[in-house]
Structures are given as C-alpha cells and as structure tokens.
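The values are calculated or read from the model by the stated rules, or taken from the named source; none is laboratory data. Please read these numbers as outputs of a predicted model, since none were measured by experiment. Virtual Cβ from ideal backbone geometry, glycine too; neighbours counted across all protein chains shown.
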Amino acid sequence: MIELSKIKESKHIVLISDNKSFSLANVLYSYILTLHKKVSLVVDEELDRKFAFLPWFGKVRKQVPSSCDLEIKISLDTLGVYEEFQSESIKINAKMATAFYSSLLIEDEIKSVLCESKKLSVLSELIVLGADCQLCYRFLRESRSLALFRMRAEMFANFLLKEDGTLAEVYIDDEILKKSGASLEDAFFISKELLEIVHVDRVVLIKQDENKVIKEIKGYN
C-alpha cells in the first residue's frame with residue numbers, strides 16, 4: 001500500500017518501477033505533480049516500447065538522484081491504489097485514469113483478474129473519468145513484439161489437447177525463452193489464447209525443463 005501521507009511530507013519523491021508496475025507509477029507521478037512537488041521516475045530494467053503512450057515515458061531515468069528524501073518501490077496493486085485515491089478523495093484526471101486503466105490491463109495479463117466484478121466496475125469508472133481505453137488496447141493488446149510472435153510459434157507447435165479436448169497443455173522451457181527473447185508474462189498471455197479453441201475451458205502452462213506447472217488458466221464459458 002502506498003502511504004500517501006509520506007508523499008505529502010516529502011520534497012523530492014523517487015518512484016522505482018519496472019515493466020509490470022510502470023503504468024501505476026505513471027498514476028503516482030501525475031498525482032505528485034498536482035502537489036507541486038519534485039518527482040523522479042526510475043525504471044530498473046529495459047522499458048518496453050509498448051508503454052510509449054503513457055505520459056511520463058520520456059521522463060524515465062536509470063539512477064536514483066541523491067537529492068531525494070523519499071523512495072517508493074511500486075508494486076502491482078492497481079485496485080489497492082485506486083481505492084486509496086477514492087478514500088482520500090483525490091481527483092483523478094484523464095492522464096491518471098488512462099494510466100490506471102493500463103495498469104489493470106497489465107495486471108490481467110499476469111494474473112487473469114478482469115473476470116472479477118470489482119475490477120470490471122473500476123474499468124467502467126475510469127472511462128467516465130477520461131481514460132483513453134482505445135489507446136490502451138491499441139498499445140498493450142494489439143501491438144506485440146517480434147519476440148512474442150516467435151514464442152507463440154514455438155508454443156503452438158508443441159501443445160496437447162487432453163480430457164476430450166477440454167484441457168490444453170502447453171510447454172515452455174529456458175531454451176524457448178532464450179531463443180524467442182520473450183518473457184514468462186508473454187507466455188501467460190499466449191497461453192490464454194488457447195481458450196479460444198472450441199471446447200477448451202482450461203489451459204495448463206508447464207515448465208518442461210523443471211517438470212512443473214507454472215500457470216493454470218480457466219475459461220469462463
């Protein structure tokens with residue numbers, strides 16, 4: 001949970017983020033600017049170009065400035081931050097709403113959470129607040145890296161249908177990750193696509209070189 005009181009008490013806040021939490025960091029960056037405080041955004045890994053539509057993409061730096069008096073490491077808890085904003089009656093402008101919307105889409109790719117009625121309700125509220133949902137979908141869902149397409153080809157060539165075609169088992173290993181250049185999050189996203197096959201209502205992603213299930217995804221049909 002982000003302690004908003006500490007932000008209000010500080011002069012120079014540094015937000016430390018990664019690809020997973022970058023959208024949420026944009027929400028907080030916008031909020032801190034409304035308080036007329038100095039804010040810096042640090043990303044400790046190579047930032048994916050799919051986030052270029054977010055307002056503070058160009059403000060990213062690699063090092064934490066020595067002048068800061070508060071560092072906040074952002075974790076992916078979009079709904080928690082949104083509810084905290086609501087409880088503190090913080091006005092959410094269009095930039096914040098778009099970044100919140102983006103963060104929920106990213107969280108869904110990782111955790112498959114958008115089936116939850118609360119999150120669907122929040123998405124609707126964010127649109128009313130000015131979230132550009134079409135922009136989010138265009139960059140996050142329609143624009144995919146070459147690495148993801150390489151991984152999709154590898155995974156789709158090696159999946160099995162079991163239990164009368166209702167279960168899809170798909171396999172991945174370190175060699176596929178290295179060869180494609182994609183990530184485990186990409187593998188989760190690709191696995192969900194198998195739910196579009198007729199009769200498939202469950203997908204199991206197996207890390208073949210470790211012989212263990214690392215993700216199970218259920219359909220809602």
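Listed conditions (1) under 19 Å from the mean Cα position of the chain (by Cα); (2) modelled with pLDDT of 90 or more; (3) hydrophobic (A, V, I, L, M, F, W, C) are all met by Ala187, apart from (2). Taking the conditions exactly as written (surrounded by fewer than 18 Cβ atoms within 10 Å (Cβ to Cβ) and either part of a helix (DSSP H, G or I) or of a type in the set (S, T, N, Q) (or both)), does Leu28 satisfy them or not? In short, no. With respect to Leu177, determine if the residue is touching an Asp or Glu at 6+ places or on another chain (Cβ under 8 Å) and not assigned by TED's automatic domain parsing to the domain that holds Lys50. In short, no. Note on region 196-218: residues that are over 24 Å from Leu146 (Cβ atoms), of a type outside the set (Val, Ile, Thr) and surrounded by 16 or more Cβ atoms within 10 Å (Cβ to Cβ) total 2.
Please find, among Lys95, Lys50, Lys6, the residue that is charged (D, E, K, R), in contact (Cβ under 8 Å) with a residue 40 or more places away in the chain, farther than 26 Å from Leu120 by Cα and part of a helix (DSSP H, G or I). Steps first, answer last, please.
Working: Lys95 fails: farther than 26 Å from Leu120 by Cα; Lys50 fails: farther than 26 Å from Leu120 by Cα.
Just one listed residue meets the conditions, Lys6.
Take the conditions in the same structural domain as Glu46 (by TED's automatic domain parsing) and at pLDDT 80 or above and apply them to Leu104. Does it pass?
Values: in the same structural domain as Glu46 (by TED's automatic domain parsing): yes; at pLDDT 80 or above: yes.
Spelling it out, Leu104 is indeed in the same structural domain as Glu46 (by TED's automatic domain parsing) and at pLDDT 80 or above.
Filtering Asp209, Asp164 for residues that are at pLDDT 90 or above, outside the structural domain of Asp48 (by TED's automatic domain parsing) and assigned to a loop (DSSP other than H, G, I, E, B) leaves a single hit, Asp164.
Okay, residues lined up against (1) crowded, with 18+ Cβ neighbours inside 10 Å; (2) under 23 Å from the mean Cα position of the chain (by Cα); (3) at pLDDT below 90; (4) assigned by TED's automatic domain parsing to the domain that holds Ser89:
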{"site": "Lys8", "(1), (2), (3), (4)": "no, no, no, yes"}
{"site": "Ser17", "(1), (2), (3), (4)": "yes, yes, no, yes"}
{"site": "Phe22", "(1), (2), (3), (4)": "yes, yes, no, yes"}
{"site": "Glu45", "(1), (2), (3), (4)": "no, yes, yes, yes"}
{"site": "Leu54", "(1), (2), (3), (4)": "yes, yes, no, yes"}
{"site": "Phe57", "(1), (2), (3), (4)": "no, yes, no, yes"}
{"site": "Ile72", "(1), (2), (3), (4)": "yes, yes, no, yes"}
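If I filter region 140-160 for residues that are modelled with pLDDT of 90 or more, out of contact with any Pro (no Cβ under 6 Å at 6 or more places or on another chain) and either surrounded by 18 or more Cβ atoms within 10 Å (Cβ to Cβ) or not assigned by TED's automatic domain parsing to the domain that holds Lys20 (or both), do I get at least one hit? For region 140-160, residues modelled with pLDDT of 90 or more, out of contact with any Pro (no Cβ under 6 Å at 6 or more places or on another chain) and either surrounded by 18 or more Cβ atoms within 10 Å (Cβ to Cβ) or not assigned by TED's automatic domain parsing to the domain that holds Lys20 (or both): present.
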